[in-house]
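Here's the structure we're looking at; comments come further down.
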There are 2 protein chains.
Amino acid sequence: MSLLERTALTTMAETCLLRRLGIDTGDERVLFLRSDSPICQSEGFSPRARIQVHVGGRDLVTMLDVVHGDLLATDEAGLSEAAWCELAPKPGDRASFSHAPSVESLGLIRRKIHGHELDDEQFDTIMADMVKHRYSSVELAAFVSACSGGRLSQREVVSLTRSMVAGGARLHWTRHIVVDKHCIGGLPGNRTTLIVVPILTSLGMLMPKTSSRAITSPAGTADTMETLAPVNLDVLSMQRVVERTGGCVVWGQSAHLSPADDVLIRIERMLDVESEGQLVASVLSKKVAAGASHVIVDIPVGPTAKVRTPGEAQALCALMTKVADAFGVRVRPLVTDGTAPVGRGIGPALEAHDVLAVLRGEHLCPRDLRERALYLAAQLYAFANDLEDDQKALRIVTHALDSGAAWSQFVTICEEQGGMRTPGKAAYQQPIEATAQGVVGIIDNRRLAKVAKLAGAPHVPLAGVALETRPGQTVSRHDPLFVIHAETKGQLAYAMAYVAEHPGIVEVKYS
Amino acid sequence: MSLLERTALTTMAETCLLRRLGIDTGDERVLFLRSDSPICQSEGFSPRARIQVHVGGRDLVTMLDVVHGDLLATDEAGLSEAAWCELAPKPGDRASFSHAPSVESLGLIRRKIHGHELDDEQFDTIMADMVKHRYSSVELAAFVSACSGGRLSQREVVSLTRSMVAGGARLHWTRHIVVDKHCIGGLPGNRTTLIVVPILTSLGMLMPKTSSRAITSPAGTADTMETLAPVNLDVLSMQRVVERTGGCVVWGQSAHLSPADDVLIRIERMLDVESEGQLVASVLSKKVAAGASHVIVDIPVGPTAKVRTPGEAQALCALMTKVADAFGVRVRPLVTDGTAPVGRGIGPALEAHDVLAVLRGEHLCPRDLRERALYLAAQLYAFANDLEDDQKALRIVTHALDSGAAWSQFVTICEEQGGMRTPGKAAYQQPIEATAQGVVGIIDNRRLAKVAKLAGAPHVPLAGVALETRPGQTVSRHDPLFVIHAETKGQLAYAMAYVAEHPGIVEVKYS
């Protein structure tokens, strides 16, 4: 055996000078080698093969692009931006290369694709390889799809959640009551977290909140918060902010809580798919890792929200509560109205403006956002404090907001996270107008979110859509229904072309 | 609306000079644009975005890699090899770019992921977009996975098959009886097609055979045939060969029969997954498109074959027969022994040598391959001619082989396909030996196939594994169990490292 192993190692003797090619391939780690280089010749590497790069004691699995011609010298190996940043080679570093080891756990992913149930240990193996970035996007997509459509049993969701927690950092707090909230999403503009956290922490509660960036929506809470303060805090910085202020709103991925979730989210975003079981595992793994004891889950229900019927919501609540039990976490699901977007803005900066208006107690703040935030804050306050009087809880949290305590607490949290800032406005603003007088009917959340995404959100923080009407409102000809915000002409045109193809995103019942 | 459409079109005015960068990214069509180019700035293109390239009235959807620095000039756009060959721009051609149109049928793929049943029209829509290469690999992987594990109903398999046929060419013959055979695979070396086709066509039958390249195995029939004659024939050339000789063995993809199958096969190969429903649709779509009337399907069953139990085989037979009924094709499934590889070689050229030995009637030809081929030829002969006497059929086909008629027919077919050739031997040959005296037990088909693939098969035609023993045979210490054939030291080492990690691929029960 040792003879065979030595044989395998000798093939790594050939080395190449690493070169940063400046090619940004997104998250994919790509290696570029010349087809006529000794290393490609002797190893028989072919395009899109998975190749392990070894440099200075570090390893990285990459995907190979083969170069014909003189983009590279024959003893040079190019790296994409993601691969270069990950390996961080020093000037003059030479690397050796080998076929990436076969990933044994792919057999387990195939078992899941074939419809078999997996156990704790099998999920652990898969998640460990996932966190080490050993799977290709194609393999991850197959896994996500194989776990969708009700193909994860409740036991599997518990296993998956446990494995996801085990793959990352885990926070422990000295207090017994640690609150958290989560919104299932699907409702553009529903940015209550940024209001609930300062309200409850101004009342002395502990709320170490991690949020995600957008999965399938035009903005995640982390995207919106980032227009107001840094959110890329590591777990130690996060802990420090919480110890000083009682709360935070940071990006879960930088805190390295449930890192497997972040790998899966990237694929779910590409597919625009998130199944029930994966959703529960995703939410609870973050909460368990953050050390939460009491969690409320906001489930907006509406024909174009993520959850479309009360029945779906109930099934999701039941699964979430049962899985949470396995981790000693108390969960209270709250079914809320998901028929129309919340607030005015859809997109990171536009939503941040709505949040600021509520926190500052502005007279023209979006009332629906304010009321949802107060309702959720009151529910969480009552749940964690075993208070049966909901009205009393509502009075307490309303006072925290109206007295300015929540606003000053929000400023403190932003400063502790690295400094507060205020987002600007997008370069292009294009109103979409009513073509005649009428009454606003149904608003298509999904298509409106799509418009915001085509305009550039969440990648472009200032991009998105501002709603200018609400269901039931009367509009005249040329009244704006919504305004598209974009930073480039191309993205504006792209969003407008979609609106032209899909009339009635904001329905107007003409009289 | 027309105003909005015009707005969208004006953004395409910016053009770039197309440049062949010589980067081979496999099947993926990649576009390279500079981050500071006017086009990237104005359109807000980001890495891995799907961008449509417009040049000389042609369009291609590509994936974007963003280039920082001077690999490209700001008014240049680079194309990967696949994108360049597809678009075939003329020197000096300038291209314009737009965000790729949203693929509406992705909503149908998501329906399938969520576990819903799709109808005829929905499969048609998906297959049409698939053949136009509108889906990313990640989206295709999610579709493949969503159709696996028993998640295609029988009605859906019929719909899928019909849609796959509709997406490509279809052959029509003047004769009523057109025979075909298919092997489910999973059994290394089971290369009977190259023997059955010349036998039956030498007997005057019509057998227009298309074969696939390897999906998850070290060699497909098309890969093996290619070491003996050209197989990349278009549908007209294929038709001409069949009209002259009665038969052919060509690569299905070049004949453009069921092209959607070829798109799916690429992903199934990446995942090493092929589900029952997809397998049936894949097989039957090719047969229906080739105009077959009578098909026998060889289903090898064994613990490490593709089909592992008689129960699985029966379910597959039932599904295949029922779906074939919907197309008026008669199918006879045959369950065969799949416990050990067939013949000696595993890998394109090594398997071709086995085939040649059988066709030439060599005394030391692999007897199991000869017997399987004769059995299948006899079954197909009897099935198509409504002959109840199996023994008589066997005598007829054996005579065709032993008389040299099949061999001379094979040579004729090869010449008609473009010229016969004989493959050589690989540069490196490494025996794996028995470590003590004993009796050969079980052979692990899957792992042996994996060794052949690590050695380079089917990409490297001469690479693979030659089995030197059969189950039940007595071996002494240092007797070779199998020999690894490789063209590079790297691939040899890679295959040997796998063998070292997995002892017992050929089990030896030591005495």
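All of the numbers you see were taken from the coordinates with simple rules; none came from a lab. All of these numbers come straight from a predicted model, not from anything done at the bench. Reconstructed Cβ throughout: ideal geometry from the backbone, glycine too, with neighbour counts over all protein chains shown.
Of note:
- Panel order for A:His172, B:His116, by other beta carbons found within 10 Å of each beta carbon, from fewest to most: A:His172, B:His116.
- Other-copy label distances relative to A:Arg94, 7 angstrom Cα-Cβ extension, nm: 4.6
- Gyration tensor verdict on the stretch B:106-166 (Cα atoms; rounded if a/c is under 1.5, prolate if a/b is larger than b/c, oblate otherwise): oblate
- Spherically averaged projected area in nm², based on the convex hull that wraps the Cα atoms of the stretch B:46-104: 4.6
- Based on Cα contacts under 8 Å between residues 6+ apart, chain B shows a relative contact order of 14 percent.
- Size descriptors for the protein assembly as shown (Cα atoms only): Rg and Dmax, in that order, 31.3, 102 Å.
- Inter-label distance, A:Arg155 to B:Cys85: 4.9 nm, where each label sits 7 Å from its Cα along the C-beta direction.
- Across the cross-link table entries B:Lys286/B:Lys306; B:Lys209/B:Lys453; A:Lys209/A:Lys392; A:Lys112/A:Lys287; B:Lys287/B:Lys425; A:Lys450/B:Lys112, which are compared at the Cα atoms, the separations over 30 Å belong to B:Lys287/B:Lys425.
- Counting neighbouring Cβ atoms within 10 Å and putting the fewest first, the residues A:Arg266, A:Arg395 line up as A:Arg395, A:Arg266.
- Each semi-axis of the equivalent ellipsoid for the stretch A:2-99 is √(5λ) with λ an eigenvalue of the Cα gyration tensor; in descending order they amount to 20, 15, 13 Å.
- For B:Lys392, inter-copy separations between label points set 7 Å beyond Cα along the Cβ vector come to 9.7 nm, shortest first.
- Virtual paramagnetic centre 7 Å along Cα→Cβ of B:Ser46, amide N under 16 Å, in the stretch A:449-491: A:449-465, A:485-491
- Packing-based exposure ordering (other Cβ within 10 Å, fewest first) of B:Met420, A:Met496, B:Met238: B:Met420, A:Met496, B:Met238
- Mean projected area in nm² (Cα convex hull; one quarter of hull surface) for the stretch B:428-510: 4.6
- Shown is the FRET efficiency for A:Asp119 and A:Asp325, computed with R0 = 22 Å from the Cβ-Cβ distance and rounded to the nearest 0.05: 0.70.
- Cα centroids of the stretch B:195-271 and the stretch A:169-188: 58 Å apart.
- Net charge over other residues, Cβ less than 11 angstrom from the Cβ of B:Ser285 (K, R count +1; D, E count -1): +2
- Equivalent ellipsoid, chain A (semi-axes from 5 times Cα gyration tensor eigenvalues, Å): 43, 28, 22
- Converting phi to 3J(HN,Hα) with the Karplus coefficients 6.51, -1.76 and 1.60 and the offset θ = phi - 60°, the stretch A:288-305 yields 5, 5, 7, x, 6, 10, 10, 10, 9, 10, 8, 10, x, 10, x, x, 10, 7 Hz in sequence order, with x at every glycine or proline.
- Where both bridge residues fall in chain B, DSSP classifies roughly 55% of the beta bridges as antiparallel.
- Cα gyration tensor shape for the stretch A:359-451, rounded if a/c is under 1.5, else prolate or oblate: oblate
- C-alpha center-to-center spacing [the stretch A:401-465, the stretch A:301-320] in angstrom: 25
- Globularity ratio of the stretch B:330-410, using Cα Rg and 2.2 N^0.38 Å: 1.15
- Over all pairs of different C-alpha atoms, the stretch A:101-243 has a mean inverse distance whose reciprocal, the Kirkwood radius, equals 17.8 Å.
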